[in-house]
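Notes follow once the structure below has been shown.
The values are calculated or read from the model by the stated rules, or taken from the named source; none is laboratory data. Owing to the predicted nature of the structure, the values given are computational and were not obtained by experimental measurement. Cβ placement follows ideal geometry from the backbone for every residue including glycine, while neighbour counts extend to all protein chains displayed.
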């Protein structure tokens, strides 16, 4: 694993990246030493076949979930004693597609001993590029990265360590093998239909990618590495993957006729079950994107996770930069946002002695929500909280999980006017209560800063008793501010509709 210096001298740190892929689960444990280099300590892989566990209603079957939980329990034995924040585990395409994906996050998190988050396809592509770029010695010029997973294919063009074009396509080796090679049959017709379907998917990005261009193409992860090994072992290519070598591979696969009878030097047994679909996607990608030579990289999503975790030690949390960029783009009033954030966090410190939320995560979400709560004003004053929620839900926020982005959108969408209960109903388990509690605090902070004055607020006491919130102010302060008092009275009536009481 090649790496640039990411660790602050004197502060070695052990971290782990967990990739809950559609075909396999991967665990990578690494350590940044005092010399700034990253050393791999452990790798684990479990062929879970999660994509094959989606039923007709696009829900994970109990059997597939059991396989996932058992795999993460084994990973958890290695990571359970690692501190909070040292492990990042992400679910990719199958968990994105599964209707019950959000429902099983808590079960998967419990099995691993660390939070599991579901990320978007673009976030997956960004992390893959980071993993490959850190593994690439020569980063001169533009780099095209192609990653064919079990349920999706990511295509990225970047320069240096920064991606410029991010794409995630809904095609992967598991789904394509099941769809185009039914009952394990392999034929020229099967490959032709798979090629055509993949070409149609690729057509959505072909023009933009070819127009931007690149100097070098690199493939990563299971399908590409498996194909490279088979080509090398059979003497069809000693270097990069080429169209001629892929054609020879397809001919040999067709000649063997059935997946269960595949016997190719270099092909591992558990890869054979999804190999034809991956080969078809790869051949179509090389054709549509005009890739003459595809080199390979050992870097992938899990390496990207590790480098991001280590990078936070030096460069800070990239989610902070995403929020700052977003707030700046939509002309948020920074001074007012800071006032609201400060008050909201002060209220949180008092309320969380009762609520007992994960302190660091809750604080970050509340702070981020405060910084962007007025971005909808850039569209229109009327209903600006709804505009802000829409922007947060649908925009690209690098480094954020889908779960975090949804919670932010819900909080901002409910920070004023009527509280939309249906928005909270879309969240599951602990996330619903977290979002609701943080929304109550943000609403109070916004009300208390209605005047938008620079004058600091007095010390405000907040007590939480079950579903009752009690605000305490210095004597006479509230009486001198009739607008604030009227706002709090209106807030009490809104909160009451959720079954909460507010007194002051």
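Residues that are modelled with pLDDT under 95 and either touching a strand residue (DSSP E or B) at 6+ places or on another chain (Cβ under 8 Å) or in the same structural domain as residue 152 (by TED's automatic domain parsing) (or both) number at least 2 in the following helices (runs of 4 or more DSSP H) confined to segment 203-278: 221-233, 269-272. Within segment 396-404, is even one residue touching a helix residue (DSSP H, G or I) at 6+ places or on another chain (Cβ under 8 Å), within 20 Å of residue 499 (Cα to Cα), at pLDDT below 95 and not in a helix (DSSP H, G or I)? Taking every residue of segment 396-404 in turn, none turns out to be touching a helix residue (DSSP H, G or I) at 6+ places or on another chain (Cβ under 8 Å), within 20 Å of residue 499 (Cα to Cα), at pLDDT below 95 and not in a helix (DSSP H, G or I).
Exactly one residue out of 462, 469, 440, 478 is touching a residue at least 40 places away in the same chain (Cβ under 8 Å) and not in a strand (DSSP E or B): that is 440. Could you please let me know if residue 239 is touching a helix residue (DSSP H, G or I) at 6+ places or on another chain (Cβ under 7 Å) and touching a residue at least 12 places away in the same chain (Cβ under 8 Å)? Here the answer is no, as residue 239 does not meet what is asked. In segment 175-185 there is no residue matching the filter, namely being over 22 Å from residue 55 (Cα atoms), surrounded by 23 or more Cβ atoms within 10 Å (Cβ to Cβ), at pLDDT 95 or above and in contact with a helix residue (DSSP H, G or I) (Cβ under 6 Å, 6 or more places away or on another chain).
Grab the helices (runs of 4 or more DSSP H) fully contained in segment 87-158, keeping just those with 3 or more residues being under 20 Å from residue 206 (Cα atoms) and under 17 Å from the mean Cα position of the chain (by Cα). Before you say what the answer is, go through the steps one by one.
Numbers: elements: 93-97, 101-112, 121-135.
Passing ranges, in order: 121-135.
What number of residues within segment 54-63 satisfy the criterion of being in contact with a strand residue (DSSP E or B) (Cβ under 8 Å, 6 or more places away or on another chain) and either under 25 Å from residue 78 (Cα atoms) or in contact (Cβ under 8 Å) with a residue 24 or more places away in the chain (or both)?
Going residue by residue through segment 54-63, those that are in contact with a strand residue (DSSP E or B) (Cβ under 8 Å, 6 or more places away or on another chain) are 54, 60-61.
This time we only want the ones that are either under 25 Å from residue 78 (Cα atoms) or in contact (Cβ under 8 Å) with a residue 24 or more places away in the chain (or both), so: 54, 60.
Of the residues in segment 54-63, 2 are in contact with a strand residue (DSSP E or B) (Cβ under 8 Å, 6 or more places away or on another chain) and either under 25 Å from residue 78 (Cα atoms) or in contact (Cβ under 8 Å) with a residue 24 or more places away in the chain (or both).
Of all residues in segment 119-128, those being buried (at least 24 other Cβ atoms within 10 Å of the Cβ) and either in contact with a helix residue (DSSP H, G or I) (Cβ under 7 Å, 6 or more places away or on another chain) or within 15 Å of residue 22 (Cα to Cα) (or both) number 5. Among the residues making up segment 443-459, those that are touching a residue at least 60 places away in the same chain (Cβ under 8 Å) and over 21 Å from residue 389 (Cα atoms) are 448, 452, 454, 457. Total residues in segment 144-168 satisfying the condition of being in contact (Cβ under 8 Å) with a residue 40 or more places away in the chain and either in the same structural domain as residue 396 (by TED's automatic domain parsing) or in contact with a strand residue (DSSP E or B) (Cβ under 6 Å, 6 or more places away or on another chain) (or both): the figure is 13.
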